[in-house]
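Asker: Have a look at this one.
The values are calculated or read from the model by the stated rules, or taken from the named source; none is laboratory data. Bear in mind that the values here come from a model prediction, so they are computed numbers and not experimental data. No Cβ is skipped: glycine too gets one built from the backbone with ideal geometry, and neighbour counts run over all protein chains shown. Surface accessibility is based on the protein's heavy atoms, side chains included, excluding ligands, DNA and RNA. Shrake-Rupley method; radii C 1.70, N 1.55, O 1.52, S 1.80 Å.
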Amino acid sequence: MSVLVLLVHLLFGGGELTAQQILEQTDKETHGHKDFYARIKIKIGGGSPVDPTIEVLQKVVGGKQMRLIRFMEPPDFRGMGVLAEGRDIMYVYLPGFDKVRRIGAHARTQSFMGSDFTYDDLGQSVLAPDYEASLVSTTAAEWVLDLRPRPGRDPSFARLRVTIVRKCMQISKLEYYDAAGVKVRTSLRDMEFSTAPHCPVRHISMVTHTRGEHRTEGDVLFYKLDGGLSDELFTVRSLARGN
Amino acid sequence: MAIRSVALALVLQAARVAAAQEAPAPAIDLKLSGSLYNDVRYVVAEKNLDGGALAVPTGFDRNDTRLRWKAVARAGEHAKGVADVELVWTGFSRVPYVGQLPPRPDATLDDLSNRLVIDPLYVNAYAAYVDLYKVAPGLDLRLGRQVTTWGTADKFNPTNNLNPLDFEDPLRFGEGISNDMVRADWNPRGDFIVTMVWVPLFRPARLPRTAPLGLESLARLPFQDDDFRHLVSSLVPPGILVRAHPLLPPTDLQDSQVAVKVAGRIGTYDLSLSYYNGRHDLPTPVHALASIEAGQLVADVTLGYPRMQVIGFDSAGSLPWLYDLGYWIEGAVVFPQEIRLGVDVAIPGQPSRLLDASGQNPLTVASTPYLKATVGADYTVGPHSYVNAQYVHGFIDEFGGGRTIWRASFDPGREVTAPREGDYAVAGTDLKLLRDRLLLRLFVVYDLNDGSAVVFPQSILTGSGATELTVGAFLFVGSPVTKFGDPAAGGSQVFARAKISW
């Protein structure tokens, strides 16, 4: 759909999309579905004991992007879940205590289960509301944008640099910079180009440069778009039901 | 009574729904997990009663091997069963050891061939329940043995009264003991949830193994009336033998426990209101009979579990105007049953009953409502460290308004009094090192009234294959007539634990 919009724009709109429009279209292609389900096997570098398999469920409910993450493996984490109702409201369900606990917003930058992902990565999906984009470079295959926080917004990183694949309108590389301009992390996303314009992501990697190039890999074992997930799944009550 | 009737109706509804769901039977999705856990502890410092007698000797205190199995069986989208049990080998024989305190009964030669005496074990049932989802629109039921934990505070939850607490292991800081109950959660929309719980039978708290030491010392007398207490102090010699006789509440419907909670969110702040009608899970003396047996003065003390009603409130969230600091506030107003301790005397030449100046049994717990509260905050400092601080008014074992009265048994005229609901500062920090494989954790509980404290440092090393090695210490600081220095609270110990999960 977004590629069609892009074509219409190129034919009748008088040229390239603006950087902000590219970012918005990318958000829409990545997160514009009614709902999303994926099962992902995560491998945390450095020989982590955890290496979980998780389910990710995502849907816009009441105008808010909701994301539910459930742990399927390993057994001692099985049943654990995290519900992100946007960036500021997150809950974790701890099956050992059978208790849902609020995660403070201060924990957003903390590592999620020792991986290179943070709680903020769980809560943040779309980028355009938090960042203003400017075009860095463009080729026939991709755009490179710099993203800086919009006034009044407080995203976790002072700058992002995103590489967007034109034919899929999806991010293939995302670099995170802190306020001092130091590159903190790099995320790479391998996608299935043969099904363009829709290109499902098959593999994600995240490298934290400030943790000695510590790496987390994620293989998407299964995914489904617009599967009809119920709104009721994205509630604290549903979180407490566990797997 | 109305709430109890509703609870019964819910059980019947659950049975109806379960019957309706019998055909066709959905496939069972069974998931098993477990862990093996060794826990060795050593008491590093003797603890004496205030009179100087040895109460807690040094030596190995615990030598547990724990094998835990959990099974979760899901039958379709509407039913789930959970069984979570643990076999615990205590690692100590029941045959008495030289110098063991408190002394154990003599063993026989037959005991030495009895495996359960030589190598005792027991079973912990953490959970054994059935969940039925959506038995009516938005309504879930949970039936069976379970732990229902309420409250937003960290560990010190004044609104959490449904399950008795396990004080037997101080390192678990009063974890809930599972109990048979019926729980209904009604979630009509969003995160607005109404929870009702019915607990048919009362279950008492599990006391520390050092609890009988409380009978060895007459440091604490519960009488609130000063004159009456001083009279009893003058009559009771240090050598009195005190025998405790706990008595559980009746098993009728009127003595079951009920609770209701309404929870939701306003803006970004989580809020809940709750009500509990039941009993305090720690025993309190309700009657004493003084007599003389073979020349020995004996007090037979009956212990009961007083009724209480609790109206609770809690809130949690983040403060965006204060660096996103996480906060929680949890408070409960407790309406206790008045307790007057009947003191009968079966000693020739003495009055048959001791009464206070008003001619009644002496007051030990007034019916005056009192407050328990916890206010806390936490913060993540960078990606590897976390700090948490709480102010606690009313510790988890404290009940009733009025005063706790201590007197030194070596000097009965000297008394120390403090409000029954003490004030405590609790602080902790986590520091993750070695790419999060090593967790250094320190927690401290400090009694703001008497200066005693608990210091709990530990280091947890996580290895590959879901293994975990922990070494640490649990240290009590304070004199014998303080909250944490009391020998009945237990001895200071170091520990090492190894765990593997699958």
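Asker: Evaluate the following for A:LEU94: is it at pLDDT 85 or above, open to solvent by 50 Å² or more (accessible area, probe 1.4 Å) and within 30 Å of A:ARG211 (Cα to Cα)? Write out each step before concluding.
Answerer: Working: at pLDDT 85 or above: yes; open to solvent by 50 Å² or more (accessible area, probe 1.4 Å): yes; within 30 Å of A:ARG211 (Cα to Cα): yes.
It is true that A:LEU94 is at pLDDT 85 or above, open to solvent by 50 Å² or more (accessible area, probe 1.4 Å) and within 30 Å of A:ARG211 (Cα to Cα).
Asker: So B:LEU439 ticks every box in (1) surrounded by fewer than 17 Cβ atoms within 10 Å (Cβ to Cβ); (2) within 14 Å of chain A (Cβ to nearest Cβ) but one. Which box is left unticked?
Answerer: Status for B:LEU439: all satisfied but (1).
Asker: Looking at (1) touching a Ser or Thr at 6+ places or on another chain (Cβ under 6 Å); (2) open to solvent by less than 20 Å² (accessible area, probe 1.4 Å), which is the one condition that is false for A:PRO200?
Answerer: Unmet for A:PRO200, out of (1) touching a Ser or Thr at 6+ places or on another chain (Cβ under 6 Å); (2) open to solvent by less than 20 Å² (accessible area, probe 1.4 Å): (1).
Asker: Can you tell which of A:TYR119, A:TYR93 is within 13 Å of another protein chain (Cβ to nearest Cβ), out of contact with any His (no Cβ under 8 Å at 6 or more places or on another chain) and under 28 Å from B:ALA83 (Cα atoms)?
Answerer: Going through A:TYR119, A:TYR93 in turn, the sole match is A:TYR93.
Asker: A follow-up question, please. For B:VAL123, work out the one condition from (1) more than 24 Å from B:PRO164 (Cα to Cα); (2) of a type in the set (A, V, I, L, M); (3) within 22 Å of the chain's Cα centre (by Cα) it doesn't fulfil.
Answerer: For B:VAL123, the failing item is (1).
Asker: Go through the range B:26-49 and give me each residue that's open to solvent by less than 50 Å² (accessible area, probe 1.4 Å) and away from every other protein chain (no Cβ under 14 Å).
Answerer: B:ASP39, B:ARG41, B:VAL43, B:ALA45, B:LYS47, B:LEU49
Asker: Sticking with this structure for a sec: Within the range B:123-173, how many residues are open to solvent by 30 Å² or more (accessible area, probe 1.4 Å), of a type in the set (D, E, K, R) and either at pLDDT below 95 or part of a loop (DSSP other than H, G, I, E, B) (or both)?
Answerer: The number of residues fulfilling the criteria is 4.
Asker: Can you tell me which residue within the range A:203-240, out of those that are free of Cβ contacts under 8 Å to residues at least 24 places away in the same chain and surrounded by fewer than 18 Cβ atoms within 10 Å (Cβ to Cβ), is farthest from B:LEU433 (Cα to Cα)?
Answerer: The extreme case among them is A:SER230.
Asker: May I ask you to verify whether A:ARG161 is farther than 20 Å from A:PHE222 by Cα and at pLDDT below 95?
Answerer: No: the conditions fail for A:ARG161.
Asker: Name every residue in the range B:454-475 that is at pLDDT 95 or above and either in contact with a Pro (Cβ under 7 Å, 6 or more places away or on another chain) or buried (at least 20 other Cβ atoms within 10 Å of the Cβ) (or both), in order of residue number.
Answerer: B:VAL454, B:GLY472, B:ALA473, B:PHE474
Asker: Here are B:GLY76, B:GLY52: which of them is of a type in the set (Gly, Ala, Ser), surrounded by fewer than 17 Cβ atoms within 10 Å (Cβ to Cβ) and within 14 Å of chain A (Cβ to nearest Cβ)?
Answerer: Unique residue meeting the criteria: B:GLY76.
Asker: Residues in the range B:98-118 that are assigned to a loop (DSSP other than H, G, I, E, B) and surrounded by 14 or more Cβ atoms within 10 Å (Cβ to Cβ): how many?
Answerer: Count: 3.
Asker: Suppose we filter A:LYS64, A:LYS43 for residues that are away from chain B (no Cβ under 11 Å), more than 26 Å from B:ALA83 (Cβ to Cβ) and surrounded by fewer than 17 Cβ atoms within 10 Å (Cβ to Cβ); which single one remains?
Answerer: Matching residue, one of A:LYS64, A:LYS43: A:LYS43.
Asker: Now for a different question. If A:GLY32 satisfies all but one of (1) touching a residue at least 40 places away in the same chain (Cβ under 8 Å); (2) more than 30 Å from B:ILE177 (Cα to Cα); (3) more than 9 Å from chain B (Cβ to nearest Cβ), what's the number of the condition it fails?
Answerer: (1)
Asker: In the range B:307-333, what residues are polar (S, T, N, Q) and within 12 Å of another protein chain (Cβ to nearest Cβ)?
Answerer: B:SER315, B:SER318
Asker: Checking B:ALA83 against (1) aliphatic (A, V, I, L, M); (2) out of contact with any helix residue (DSSP H, G or I) (no Cβ under 7 Å at 6 or more places or on another chain); (3) assigned to a loop (DSSP other than H, G, I, E, B), only one condition comes out false. Which one?
Answerer: (3)
Asker: Looking only at the range B:174-199, count every residue that is away from every other protein chain (no Cβ under 12 Å) and open to solvent by 20 Å² or more (accessible area, probe 1.4 Å) and tell me the total.
Answerer: Number of matching residues: 4.
Asker: Inside the range B:147-166, can you point out the residues that are more than 11 Å from chain A (Cβ to nearest Cβ) and farther than 16 Å from B:ARG279 by Cβ?
Answerer: Narrowing the range B:147-166 to residues more than 11 Å from chain A (Cβ to nearest Cβ): B:156, B:158-159, B:161-162, B:164-166.
Matches in the range B:147-166: B:PHE156, B:ASP166.
Asker: Please find, within the range B:257-304, the residue that is nearest to the other protein chains (Cβ to nearest Cβ) out of those that are in a loop (DSSP other than H, G, I, E, B) and surrounded by fewer than 21 Cβ atoms within 10 Å (Cβ to Cβ).
Answerer: Restricting attention to the range B:257-304, the residues satisfying the condition of being in a loop (DSSP other than H, G, I, E, B) are B:267-268, B:280-283, B:294-295.
Within this subset, residues satisfying the condition of being surrounded by fewer than 21 Cβ atoms within 10 Å (Cβ to Cβ) are B:267-268, B:282, B:294-295.
Numbers: B:GLY267: 10, B:THR268: 6, B:LEU282: 22, B:ALA294: 51, B:GLY295: 53 Å.
Applying the filter and picking the extreme gives B:THR268.
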